[in-house]
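The values are calculated or read from the model by the stated rules, or taken from the named source; none is laboratory data. Quick caveat, the model's predicted, so the values are computed rather than measured. In this analysis, Cβ positions are derived from the backbone assuming ideal geometry, glycine residues included, and neighbour counts consider all displayed protein chains. Heads up: the accessible areas ignore ligands, DNA and RNA and are worked out on the full protein's heavy atoms, side chains in. Shrake-Rupley method; radii C 1.70, N 1.55, O 1.52, S 1.80 Å.
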Amino acid sequence: MSINRLRMKLLLLAACATVSAVVAAQAITPQLKHAVISSTGSGPYFQLDIPTSIYPGSLHPDLHDVRVRNAEGDLLSFAWADTETASAKLESKTVSAFPLKDMQSSSFSSFRQNADGSLTALSQVKITRQNPVPAWIIDVSKIKGKLLQARFSISEQVDGMFGFTLEGSNDLKNWQSLGSEQLVQLRHQGSMLQNLGIRLHHVSAQYLRLRWTNPADAPWLDSVSIDSQQEVYTPPVLQWSKPIPVKACGANYCDYSIPDNTPIDSLRLLVSEPNTLLHITVLAQVATTTAPVSSYHHRHSPLYPLHVLRHQKRNAEVQIDQQVWLNDSLVYKINLQNGEVKSPDLLMDGASYKTLRLQTDSPFSKLGKTLPEIQIASLPRRLIFLARGKPPYQLEWGVENKEGAALSLTTLIPKMDLSKPVQADISTVEIADYVAPQVASKPVEKVPTKEHKPWLWAALGVGLLLLGGMVWSLLKSMSEDKAKT
């Protein structure tokens, strides 16, 4: 082998190693991102709601790499305005429910109202289970705080889907509509499928009135339990992602890739075909050395801790297999005579995960020929910044910066009244949406292994060492051939 040919091979190896190093460095090095803030008003304080599309480009789920600058590039003082108070208290309590003989609000024939507002049943009034009951009055006058959820208990012999409207009142005279819901109790492949809880969305009321859509088929309510929360807090509206396609599927599960660092407060399964019903378990896949990371401590879904407590056994069983149990639920989309009914969105824990797995007890294909997509919802973050210098102001994220970190709200706004909303002018920012990966033409059985970027550097180092050894060996061989010549 000639010396020139050896030199050419060495140059090619060195070029390949250099290109690999550059590509690896670009894949790992965090990229600085920024967006222009549009502000109106004189300030000096501005409030900014940050879109959830910021999470994939951020380094941390709690967004502590976010910074605010003015037109000259100076860092501005800011604080997160979504910090919760520590006074919240969750409570679950069984309450009294009274059947009514007809739909009219004045037909309070089965109870009497006490001086303190509570209701007491009248023993002389007989309404039996054999007679249809068109409506119920639920006494929540002793519940303190906001109403989060109502959980109903009906006979195990009852089978069907039961629609109703719900109303709230503080005086048993003036009623406000709280929407339409349905209770579900169905037998499917030898198991009982139930959805007997409805969300009350932090409503405040002394009494609830439930009116069955079809009283002749409605079940008798054995008991009603109310979950409540004592706090003065109204959660903002969740921000929903674009549909996320399937990443990979097996016989009884499908996996979905989640945008990096994005907290998952709620989950929606987009079932395409009507008259679909299936029980699913939502799991999050985690590595043995990795724990799920919470975005920040908030209370958008205060029901979720109660939900976890009621499923402690199931949760413990799943975590043995390096999978975090998140929820168990009946998913359905059914066309009835009075309209279409869909299963409610699923509560999540607010943590961020790389992959979600939706697992079923039967073939996943029962959800339809087209594999269902999912949507995730996150609680938007809000910050308050103190304007200084010339606009336009800019939001910056994606790199570590020891300077310009968020302050506490009381430090940013001295002498502020914590019981009142922050007085600040409105500002907005636009951040490009996360683009979901393209769905594969055919689902595969095996889920691809996760990328571990630290090992990329290790592999690159090993490659460079091997290259160095090859160079040293070739140079030594060239020296020996030259000496012999």
> Which of the peptides 349-356, 90-97 is most tightly packed, and how do the rest follow, judged by the mean count of other Cβ atoms within 10 Å per residue?
Replying inline: 349-356, 90-97
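Assuming R0 = 60 Å, can you tell me the calculated FRET efficiency for the pair residue 408 and residue 101, based on Cβ-Cβ distance, to the nearest 0.05?
Numbers: r = 57 Å, r/R0 = 0.95.
The formula returns an efficiency of 0.55 here.
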> If you stretched the chain out fully between residue 238 and residue 194, how much longer would it get, using 0.36 nm times the residue separation minus the C-alpha to C-alpha distance?
Replying inline: 13.3 nm
>> More than 25 angstrom separation, counting every C-alpha pair in region 145-271; what % is that?
In response: 45 percent
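How far, in nm, would the chain grow between residue 203 and residue 131 when pulled straight, counting 0.36 nm per residue and subtracting the alpha carbon separation? All intermediate terms of the calculation are to be shown ahead of the outcome.
Details: separation 72, 0.36 × 72 = 25.92 nm, distance 3.14 nm.
Roughly 22.8 nm would be gained on extension.
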> Tell me, what % of the accessible area of region 170-264 is carbon and sulfur with a 1.4 angstrom probe?
Replying inline: 46 percent
>> Considering all projection directions equally, how large on average is the shadow of the alpha-carbon convex hull of region 329-416, in square nanometres?
In response: 12.4 nm²
>> Using a 7 Å offset from Cα along Cα-Cβ at residue 217, what residues in region 151-166 end up with backbone N under 13 Å from the label point?
In response: 159-164
> Taking the simple approach of a point 7 Å from Cα along Cα-to-Cβ for both residue 270 and residue 42, what is their distance in nm?
Replying inline: 4.7 nm
> Between residue 416 and residue 34, what FRET efficiency comes out of the Förster formula 1/(1 + (r/R0)^6) with R0 = 30 Å and r the beta carbon distance, rounded to 0.05?
Replying inline: 0.55
> If ligands, DNA and RNA are left out, what is the accessible area of residue 74 with a 1.4 Å probe, given in Å² to the nearest 10?
Replying inline: 70 Å²
>> For the ranges 394-400, 325-331, 237-243, what's the packing order if you count other beta-carbon atoms within 10 Å of each residue, average per peptide, and put the highest first?
In response: 325-331, 394-400, 237-243
>> How far apart, in nanometres, would the label points at residue 169 and residue 430 be if each is projected 7 angstrom from Cα along the Cα-to-Cβ direction?
In response: 4.9 nm
>> Heavy atoms of the protein only, probe of 1.4 Å, neighbouring chains included. What is the accessible area of residue 158 in Å², nearest 10?
In response: 30 Å²
>> What distance in nm lies between label points placed 7 Å from Cα along the C-beta direction at residue 93 and residue 112?
In response: 2.3 nm
